[in-house]
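Step one of this worksheet: look at the structure below.
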Amino acid sequence: MSDKRKRAARAVMAETGMSYAAALREAGRRHAEARTGSEDTGPDLAGVRCPHCLDDGHVCEDHPDYPWAVKVEGHDGEACGGAGMPCPRCCSEIPADGSTSIAVAFVPDWRRA
């Protein structure tokens, strides 16, 4: 997902207090309406596979329903103190035997080679 879409969704969240997933849909609807003059949005925000981590693989440890470092509904990514953690919805665990880098844990399954 592009940074432009992420910024648009964050702006909608700040304005409305919506959840991130709802803000993604609303930002897509607004974009489609502004571009076409119609409220028909077509596909849901083109290409977003995981609304929890925005396909980045990182969520807030204290608020795992939100992408890491996103301010919304009482979740201020920089002030909440939660560390980043792998998204439990799209990142599989890595072997505990130390044979795989911890960095791989933050890569969504569909991106892994």
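The values are calculated or read from the model by the stated rules, or taken from the named source; none is laboratory data. The shown structure was predicted, so the numbers you read here are calculated from the model rather than taken from an experiment. Glycine also receives a Cβ, built like all others from the backbone with ideal geometry; neighbour counts cover every protein chain displayed.
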Quiz prompt | Unmet criterion (only one of (1) modelled with pLDDT under 75; (2) of a type in the set (Asp, Glu); (3) surrounded by 18 or more Cβ atoms within 10 Å (Cβ to Cβ)) for ASP55 | solution = (1)
Practice problem: Filter segment 58-91 down to the residues that are among the β-branched types (Val, Ile, Thr) and touching a helix residue (DSSP H, G or I) at 6+ places or on another chain (Cβ under 7 Å), then identify the one that is modelled with the highest pLDDT. | Solution: VAL70
Quiz item: How about segment 94-108: which of its residues are of a type outside the set (Gly, Ala, Ser), within 23 Å of the chain's Cα centre (by Cα) and either outside any loop (DSSP other than H, G, I, E, B) or surrounded by fewer than 10 Cβ atoms within 10 Å (Cβ to Cβ) (or both)?
Solution: ILE102, VAL104, PHE106
Quiz item: Looking at (1) part of a helix (DSSP H, G or I); (2) at pLDDT below 80; (3) surrounded by fewer than 16 Cβ atoms within 10 Å (Cβ to Cβ), which is the only condition GLY47 fails?
Solution: (1)
Quiz item: What pairs can you find where one residue is in segment 14-27 and at pLDDT 75 or above, the other is part of a helix (DSSP H, G or I), and their Cβ atoms are less than 6 Å apart, with a gap of 6+ or different chains?
Solution: ALA23/ALA9; ALA23/VAL12; ALA23/MET13; LEU24/ALA9; GLU26/VAL12; ALA27/ALA8; ALA27/ALA9; ALA27/VAL12
Self-check item: segment 92-113, residues that are in contact with a Ser or Thr (Cβ under 6 Å, 6 or more places away or on another chain) and of a type outside the set (Val, Ile, Thr)
Solution: ASP109
